[in-house]
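The values are calculated or read from the model by the stated rules, or taken from the named source; none is laboratory data. Every value quoted in this text rests on a predicted model; they were computed, and no experiment measured them. Glycine also receives a Cβ, built like all others from the backbone with ideal geometry; neighbour counts cover every protein chain displayed. In case anyone asks, the SASA skips ligands and DNA or RNA and just uses the protein heavy atoms, side chains included. Shrake-Rupley method; radii C 1.70, N 1.55, O 1.52, S 1.80 Å.
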Amino acid sequence: MLMIVDPTCVARRLRVRGVVQGVGFRPFVYRFARKLGLTGWVRNDGAGVEIEIQGGEAILDAFTHCLASEAPPLARVDSIEPEVIAPDLARTEFLILPSADGVVATAIGPDTAICPSCLGELCDPDDRRWRYAFINCTNCGPRYTITRRLPYDRPNTSMAAFPQCPHCEAEYAFPGDRRFHAEPNACPVCGPQLSLYEPHRVRALARDPVGETLRRLQLGEIVALKGLGGFHLVCDAADGDAVTRLRVRKRRPHKPLALMFANLASVKRWARVSEAEAAALESPERPIVLLEKLPGFDRMFPGVAPGLDEVGVMLPYTPLQYLLFHEVAGRPVGTAWLADVQPLGLVMTSANPHGEPLVKDNDEAFERLADIADVLLMHDRDIVVRCDDSVLRLRPDLLAGPHEAAGAGIQFMRRARGFTPLSLPLPDDGPAVLAFGAHLKATLCLARGREAFLSQHIGGLDNPAACAALDEVAEHLQSILSVRPAAVAHDAHPDYYSTQAALALAERLDIPAIAVQHHHAHLAAVCAEHRLEGPVIGLAADGVGLGTDGMPWGGELLYVDGAEFRRLGHLSPLPMPGGDRAAREPWRMACGVLHALGRGDEAARRFPDQAVAQVLAMLQKGTRCPPTTSLGRWFDASVGLLGICDTMSFEGQAAMLLETLARAFGDCLALPGSYYIDERPEAGLSVLNLYPLLNHLADEDDAARGAARFHAGLIDGLAQWLGDAALATGIRQVALSGGCLHNRVLASGLRARLQARGLKVFEAQHAPPGDGGVALGQAWVARAQLARGMW
Ligand SMILES: [Zn+2]
Ligand SMILES: [Zn+2]
Ligand SMILES: [Zn+2]
């Protein structure tokens, strides 16, 4: 056969890395190449996507150039590495080849909110998926939460139980279709179905589960609604009685509840929304965004977020959630209704009774939610992986990342659905390390190559179910990333379940187990996230974590340089009368402060309902009063002294109330002499003493003014303390982390003051400042120690 060699034809092999599998990238490449008249093939392999492409050089350049910018919405192209190869002139078309042999997909995508095209079909009575609660396509739908194992193919997901009908199969197989290789593809004929149950497993007599659910919500009932990563408890947010009932049944008297509105227009009716916040709300990840309430919010939605000026809000992300709003709007045709204000607001809170993990299975829902929910709307598609909603805040004083809307930077409170299992980039390569995190707000982190995979939020490890969930996530993470760790990292606290789980795995795999001090890990996470080089001065403004001296630390000034850290200073210690109980009862911390100030005789008058005599006796004898340097406890003591709250019903409550009051009062100057810094050269430590500030608060009769003065004095003291340390060491990089930095007044105020001193400030953003970010720091420190040959 005579071959006509076209001298202008060139060929290249392209290696594409990033989030490029399970996101419609291959069909996009296929369509794009065919449109340009190029030949070759595309396939998935262990490193991402591989493409061989040939044609005229200029067209090839255009193709390569547009791969990243034109990629489908869920894809994220991190790099394209081209290689020149010899053209194969026998090629006449462009093909999608099966995945390369013996390799597994590199990563599963996160769960994603229903896309505009599917939403259009959902509201189109002529579409075969009209009002179908499980509509999805390559650009949207569940991923992570339905996947049992790799590779990400339908048989390895909980969609395996639903063979596709011929119609769906044709969509799945045709490269030109939006549902080409959409693994969860389904329709009312072949896919999952809804069912409505009364508690105690009695099927509700309802022809239309969605319509009936709405009717029950409007009657003030509490609905357990099966979502993507678990069940939600739902009620009409404007129905104060329903909200109260939910709080009583869930035994959650004060902790703020998240709200869901139909669309942005409805959110804006009740909360202030900046452009960056709007972009986050409407992003395919659909996180809960913390927003400032508008006046009238608490009148409309009493009891949703009592005593706070912020509320967590999200937009619907599953087709089922949209169907509830669609129903109340009267089943409009098309999507124009989503631009109008819709009055319904739903409380949408995780169904995790008694602090246990989120309920995800139907049987589990009947067992654990029967006493809370009046009715359960569930379905027959299994949730494989539990995944809570993500919670974040936008801060105008933080820089937006490369993939974020401009105008404000993201700070996570909780990183889970929509973001797990996406990786955070690491500064350098190294051995695989699995880090087990801390005890509260537990998360895991698996560092692999130049990526850190932070797991979804698991919760407090104070109950067996949560501990079992941690084990499950540890296994699942290793399996979906197909990695065996070379080392594990854990907190230095020997009693944490996470520590024990890490040690057990290390023994089983015969690999090193590396203990990382809690606050070292907090600050190392900031260094890892911002890919900082060289040492930093770090402030850990935290609850408690075990220190190297066996004491509970939590207000620490540290020098951190990768594998190593040195304590430069700490807050002056406070007694915790009664030990851990003092962390839940601010009045105890206040008694400790009054006693230390020689004002113990005021305690009985201030706290007439509490066991003051007993606590004073402990303080006098010094028994059961372990000292702590935790900043969280200074917040608690202030709240107690200002009479804002004697006992807390959830962690962080005191600090949140204090922050809200401070913001309500507005700007204020610190009182002179609020603090002093005690240099103790003999110990090499600098101690920030805030007792003068609290002595003043004890005489303050306006709680809001006191709250504002506390923040102002604290910021003054911390800025001076960190500034002095920067001057003494010559280090200009400052890292801030720890649970107290969820507090915006503190974080933004301190950042501004440090920047005014010419320091570069870095905060925990994508890994949360609270204990949810600790695992990332542990992994990074363990890596650094391994690199130095310390193990
Ligand atoms: Zn879609
Ligand atoms: Zn079908
Ligand atoms: Zn911590």
Would a scan of segment 212-219 turn up a residue that is under 16 Å from Thr318 (Cβ atoms), assigned to a strand (DSSP E or B) and of a type outside the set (Asp, Glu)?
no
Counting only residues that are assigned to a loop (DSSP other than H, G, I, E, B) and open to solvent by less than 10 Å² (accessible area, probe 1.4 Å), which one in segment 630-680 is farthest from Met576 (Cα to Cα)?
Ser674
Would you check if there is a residue in segment 478-491 being within 29 Å of Asp111 (Cα to Cα), without any contact (Cβ under 8 Å) to a residue 12 or more places away in the chain and either away from ligand 3 (no atom under 16 Å from the Cβ) or not hydrophobic (A, V, I, L, M, F, W, C) (or both)?
no
Among the residues listed as Pro151, Pro110, Pro184, the single one being touching a residue at least 40 places away in the same chain (Cβ under 8 Å), away from ligand 1 (no atom under 16 Å from the Cβ) and under 18 Å from Val20 (Cα atoms)
Pro151
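Per-residue answers, yes or no, for (1) farther than 26 Å from Arg680 by Cα; (2) among the small types (Gly, Ala, Ser):
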site	(1), (2)
Leu574	no, no
Ala596	no, yes
Arg599	yes, no
Pro608	yes, no
Ala617	yes, yes
Thr629	no, no
Trp634	no, no
Against the condition farther than 29 Å from Gly449 by Cβ, of a type in the set (A, V, I, L, M) and within 16 Å of ligand 1 (Cβ to nearest atom), how does Ile59 come out, does it pass?
no
Sort out for me the strands (runs of 3 or more DSSP E) sitting completely within segment 17-95 that have 2 or more residues that are open to solvent by less than 30 Å² (accessible area, probe 1.4 Å).
39-45, 48-56
For helices (runs of 4 or more DSSP H) lying entirely in segment 684-776, having 2 or more residues that are over 25 Å from Leu657 (Cβ atoms) picks out 703-729, 744-756
Cβ-Cβ distance below 8 Å, separation of 6 or more or different chains: which pairs start in segment 68-87 with a residue that is of a type in the set (S, T, N, Q) and end on one that is buried (at least 17 other Cβ atoms within 10 Å of the Cβ) and at pLDDT 90 or above?
Ser79/Val16
Quickly run through segment 202-222 and pick out the residues that are under 14 Å from Leu344 (Cβ atoms) and in contact with a strand residue (DSSP E or B) (Cβ under 8 Å, 6 or more places away or on another chain).
Val210, Thr213, Arg216, Leu217, Gln218, Gly220
Given the conditions (1) away from ligand 1 (no atom under 12 Å from the Cβ); (2) surrounded by fewer than 23 Cβ atoms within 10 Å (Cβ to Cβ), and given that Leu122 satisfies all but one, which numbered condition is not satisfied?
(1)
May I ask you to list pairs of residues, at least six apart or on different chains, whose Cβ atoms are under 8 Å apart, with the first in segment 158-170 being outside any helix (DSSP H, G or I) and the second being among the aliphatic types (A, V, I, L, M)?
Phe162/Ala186; Gln164/Ala186; Cys165/Val189
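Per-residue answers, yes or no, for (1) of a type in the set (A, V, I, L, M, F, W, C); (2) within 28 Å of Pro116 (Cα to Cα):
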| site | (1), (2) |
| --- | --- |
| Gly56 | no, no |
| Ser69 | no, yes |
| Pro72 | no, yes |
| Arg76 | no, yes |
| Val84 | yes, no |
How many residues does segment 125-156 hold that are surrounded by fewer than 23 Cβ atoms within 10 Å (Cβ to Cβ) and not in a loop (DSSP other than H, G, I, E, B)?
4
When you scan segment 411-441, how many residues do you find that are closer than 23 Å to Cys740 by Cβ and either at pLDDT below 95 or open to solvent by 10 Å² or more (accessible area, probe 1.4 Å) (or both)?
7
Scan segment 306-315 and tell me whether some residue there is more than 22 Å from Asn743 (Cβ to Cβ) and open to solvent by 30 Å² or more (accessible area, probe 1.4 Å).
no
